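Okay, so here's the structure we're looking at.
The values are calculated or read from the model by the stated rules, or taken from the named source; none is laboratory data. Computed from a prediction, not measured in an experiment: that's the story for all the values here. Cβ sites come from the backbone with ideal geometry, for glycine too, and all protein chains shown count toward neighbours. Surface accessibility is based on the protein's heavy atoms, side chains included, excluding ligands, DNA and RNA. Shrake-Rupley method; radii C 1.70, N 1.55, O 1.52, S 1.80 Å.
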Amino acid sequence: MLSIKEAYELFEEIGCCSFATLDGDGGVDSRIAHFFAYDDEGLYLRTMSGKPFYRQLVEGGKLSVCGEHTAARATWDGDRMPHFQPGYMLRVSGSVRVLSSDEMIAHAATDPNFAVAVYDINKYPETVVLVLDRAWGELYDYDFNMVNRNHKILRERFAWGGAEAVEPGFRITDECIECGTCASACTHKAIVAGSPYRILGERCDECGNCHDACPSGAVVEKGPR
């Protein structure tokens, strides 16, 4: 399972990401931001108490972040079909809380990233630091044109702070008649033969081809995420 440290480093490689919050009127809001530090508690961000972003974080208590890292934009072949360069997408969603002054001082004593945050607080008194401390996420590593491997995607879900990560992918029940129709329909090479056939969740894009093709209704969704 991906660690908080690994998630932070992958977000750092992406740079600025989309940070989405509940807007208080039944909708969502988003902006570009970044995490500035991590530890075993979670991922840290800062904003100003006068901003809608801060009010939404405090009142809604929820944050969802996503970003993508790739070497280049898609190119097009002679048939005008896109050729995507390998890359990855990363997302994380969960609950946030505001750090106290004592917590800030304790962190700053051992982490230079927090020393910078303390400097910001001294310069801009309305600076607030929050931690995403209970969250689940997913690393979606893609190679759609199979440049570096013989299948398209690798998905890894992770969680911390008591949150639960539901494994990705559809699944095949005992209703399977082992006809192989699902495997033939899968373009992600995510299905292996057996009794019953089995879907490799880390390779499954949940595109629904196997679900649509299965003559016995044996393919079902695994979970809400």
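A few comments on the model shown:
- Checked against the criterion of being touching a residue at least 60 places away in the same chain (Cβ under 8 Å) and either open to solvent by less than 70 Å² (accessible area, probe 1.4 Å) or part of a strand (DSSP E or B) (or both), the candidates 163, 183 yield just one match: 163.
- Any hit, the range 153-160, residues being open to solvent by 40 Å² or more (accessible area, probe 1.4 Å), assigned to a loop (DSSP other than H, G, I, E, B) and out of contact with any helix residue (DSSP H, G or I) (no Cβ under 6 Å at 6 or more places or on another chain): no
- If the condition is being assigned to a helix (DSSP H, G or I), of a type in the set (A, V, I, L, M) and surrounded by 13 or more Cβ atoms within 10 Å (Cβ to Cβ), then the range 76-114 contributes 104, 106, 108.
- Taking residues in the range 144-156 that are over 11 Å from residue 203 (Cα atoms), and partners anywhere that are open to solvent by less than 70 Å² (accessible area, probe 1.4 Å), the pairs with Cβ atoms closer than 6 Å and at least 6 places apart or on different chains are 144/152; 145/83; 147/86; 148/86; 149/143.
- Residue identified as charged (D, E, K, R) and under 23 Å from residue 142 (Cα atoms) among 174, 205: 205
- Pairs, first over 19 Å from residue 42 (Cβ atoms) in the range 100-128, second of a type in the set (Phe, Trp, Tyr) and part of a helix (DSSP H, G or I), C-beta under 9 Å, six or more apart: 126/54
- Taken over the range 59-75, the residue count meeting the criterion of being within 22 Å of the chain's Cα centre (by Cα) and either in a helix (DSSP H, G or I) or under 11 Å from residue 96 (Cα atoms) (or both) is 5.
- Check on residue 78, without any contact (Cβ under 8 Å) to a residue 40 or more places away in the chain and within 21 Å of residue 26 (Cα to Cα): no
- Residue in the range 202-209 that is in a loop (DSSP other than H, G, I, E, B), open to solvent by 80 Å² or more (accessible area, probe 1.4 Å) and over 10 Å from residue 168 (Cβ atoms) present: no
- Selection of the range 1-30 for residues being over 23 Å from residue 115 (Cα atoms) and open to solvent by 50 Å² or more (accessible area, probe 1.4 Å) yields 1, 22, 23, 24, 25, 26, 28, 29, 30.
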